[in-house]
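Just below is one structure, and these are the notes that go with it.
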Amino acid sequence: MTQERLTQLLATRERETVEFKKAAGGVPSSVYETICAFLNHRGGDILLGVADDGSLTGVPDGAVDQICDDIASATSNGIHQAPFA
């Protein structure tokens, strides 16, 4: 994703195809519901480390790789139950 695209998404706020998720404690459990909703509709962009108002909250230092691994693992394994809240 380019800086320009990220800036555009942050400026438009959440909507049908854009969802913001805080990720201070890793992958928020609600991200899996959003992934399913986007897959069953028109797709979209999920931005982690962003509050509902569009302000950047970031992710913990060194957590990006683990967050990516967790999402990939949960969404690619048909046996694994995603942790819905």
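Remarks
- With respect to being exposed (fewer than 11 other Cβ atoms within 10 Å of the Cβ), part of a helix (DSSP H, G or I), of a type in the set (Asp, Glu) and at pLDDT 90 or above, Glu4 fits the description.
- The residues listed here are Gly43, Gly25; of these, the one that is outside any helix (DSSP H, G or I), surrounded by fewer than 12 Cβ atoms within 10 Å (Cβ to Cβ) and either modelled with pLDDT under 90 or charged (D, E, K, R) (or both) is Gly25.
The values are calculated or read from the model by the stated rules, or taken from the named source; none is laboratory data. Because the structure is predicted, anything quoted here is derived from the model rather than measured. Reconstructed Cβ throughout: ideal geometry from the backbone, glycine too, with neighbour counts over all protein chains shown.
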